[in-house]
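Here the structure is laid out as structure tokens; the discussion comes afterwards.
The values are calculated or read from the model by the stated rules, or taken from the named source; none is laboratory data. If you're wondering where the values come from, they're calculated on a predicted model, not measured in any experiment. Here the Cβ positions follow ideal geometry from the backbone for every residue, glycine too, while neighbour counts run over all protein chains shown.
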Amino acid sequence: MNISVSEKKLLGINGLGRIGKLTLWYHLMSRHFDGVVINVGREVGKSLDDLVHTIGSDSTYGPLGRFLYGHSGKECNISIVDAELGLLEIDGMPVKILRKERNPKNINWLQENVRIVVDCTGRFLDPTVSADDPKGSLMGHLTAGAQRVIASAPFKIKDKRLTDTVDAPTMIYGVNHLQYDPAKHHLISAASCTTTGLAHMVLPLLEDVETMNVLTASMSTVHAATNTQSVLDAVPSTGTSDLRKNRSVLNNIILSTTGAAATLEKVLPQIINFGFMADSVRIPTSTVSLIALNITFNSRMNGNGDPVINATYINDIYQRAAAGPQKGMLHFSKKQNVSVDLIGFKAAIAIEGHETHTRTGFLKVPHDILASVGIDTVQDINIPVTHAKIMGWYDNEFGSYVVALGKLTEYIEGKEG
């Protein structure tokens, strides 16, 4: 079996961690690509059989067969076609495993006929770093023959002076992916799981005439554990500033940080006008996280003296978005969900409509302040302001993030000449 045939559409995946493996699983389900080439960069276990075992099972989502076919009883066959060459066949799809090179520039994507690579290592996130950097870089994939590289994490540019020197956009499917330009975009970030959910949560509010006038916003994500945390308490590495990540993920609720607000500015730049704060609280679950969005609007009252923006109005916005422009990416639920209900659920965000709440108050502007800006009045003015709290679930591993990443990958591949 040779999957490096020029007429086949092949996907390259660099790294086989949580996102890398689930990206493979997504494309086994989607079948947009004819085959997959995965660079692991090292031997796994004692033989290729050990890697097959890793690919075929998952503690969160269960066996691959159940993931693909539910409880129908249908098996997913993974067979080793050529152990030396790393050739597998998974559920009828050819998959090749590369086990020699860790540096992207040495992964011969050209020889493998791979044009698009999803880098899931989390190691190469600076698009300005040269392909010749001894530690490796995203540009190295281009040198090795790939034409497009999608990073499964936000970009982190170390030298801020170079921020505007490289055309490497951050894109989220269903939010700004239509801005992709194949003539100039070769390195793309698919943002993060939290930013993906948050962007789909915020977008319909910014597009509605009543809720687009935002005064301020913040969010907290109650986030499932990740592999960056310690299973048991550990000694921090040299230079570590956040000591909490070294505390046991099994036993604690841990305050943490998130770059979701900063990354959100890259896909919805209009939020720069009102500012956005974000934080994270890590909890001991394996997947599914919750965004608590707090957002305050300039509001107005209707003819009856009631606020126009209320919980019903906001839920209606989300229901229209879920049935229209964000269909398949935004889901509106009237159920009283718990996190396990959303494991594997295919939506960037699932709005918990039962928990949407608003309160309207008044901002008093004294007449002397109004006079100082040229408004001639002897009366104070009361401006209505509405604060809303909105809850949204997202399966931060597969259902929200990997699905959005997969759809973005397929869209970009479809724009190739």
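Data for the structure
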| read-out | value |
| --- | --- |
| Which listed residue is assigned by TED's automatic domain parsing to the domain that holds ILE38 and within 26 Å of the chain's Cα centre (by Cα), from ASP91, ASP132, ASP164 | ASP164 |
| Within the range 288-309, considering residues that are β-branched (Val, Ile, Thr) and more than 29 Å from VAL403 (Cβ to Cβ), the one surrounded by the fewest Cβ atoms within 10 Å (Cβ to Cβ) | VAL308 |
| Any strands (runs of 3 or more DSSP E) falling wholly within the range 313-369 and containing at least 3 residues that are under 30 Å from ILE383 (Cβ atoms), of a type outside the set (Val, Ile, Thr) and in contact with a Pro (Cβ under 9 Å, 6 or more places away or on another chain) | 357-365 |
| Residue identified as modelled with pLDDT of 95 or more, under 30 Å from ILE271 (Cα atoms) and hydrophobic (A, V, I, L, M, F, W, C) among VAL175, VAL95 | VAL175 |
| Those residues of the range 220-272 which are basic (Lys, Arg) and either more than 16 Å from the chain's Cα centre (by Cα) or assigned to a loop (DSSP other than H, G, I, E, B) (or both), in sequence order | ARG244, LYS245, ARG247 |
| Qualifying residues in the range 310-359 (those that are exposed (fewer than 13 other Cβ atoms within 10 Å of the Cβ), of a type in the set (A, V, I, L, M, F, W, C) and without any contact (Cβ under 8 Å) to a residue 40 or more places away in the chain) - the one farthest from SER59 (Cα to Cα) | ALA323 |
| Candidates HIS71, HIS53, filtered to the one that is closer than 21 Å to GLY399 by Cα and loosely packed, with under 14 Cβ neighbours inside 10 Å | HIS71 |
| Number of the exception - ARG66 against (1) without any contact (Cβ under 8 Å) to a residue 40 or more places away in the chain; (2) outside any loop (DSSP other than H, G, I, E, B); (3) in contact with a helix residue (DSSP H, G or I) (Cβ under 9 Å, 6 or more places away or on another chain) | (3) |
| Selection from the range 380-417 of residues that are assigned to a strand (DSSP E or B) and either in contact (Cβ under 8 Å) with a residue 60 or more places away in the chain or not assigned by TED's automatic domain parsing to the domain that holds LYS364 (or both) | ILE383, PRO384, VAL385, THR386, HIS387, ALA388, LYS389, ILE390, MET391, GLY392, TRP393, TYR394 |
| Which numbered condition HIS53 misses (of (1) at pLDDT below 95; (2) part of a helix (DSSP H, G or I)) | (1) |
| Tabulated pairs, the range 27-56, first of a type in the set (Ser, Thr, Tyr), second modelled with pLDDT of 95 or more and buried (at least 20 other Cβ atoms within 10 Å of the Cβ), C-beta under 8 angstrom, 6+ apart or interchain | SER30/GLY406; THR54/LEU16; THR54/LYS21 |
| Meets criteria (closer than 19 Å to ILE291 by Cα and touching an Asp or Glu at 6+ places or on another chain (Cβ under 7 Å)) for PHE345 | yes |
| PRO94 being in a loop (DSSP other than H, G, I, E, B) and not aliphatic (A, V, I, L, M) | no |
| Close pairs (7 angstrom Cβ cut-off, 6 or more residues apart or separate chains): free of Cβ contacts under 8 Å to residues at least 12 places away in the same chain in the range 275-303, surrounded by fewer than 22 Cβ atoms within 10 Å (Cβ to Cβ) anywhere | ASN302/VAL308 |
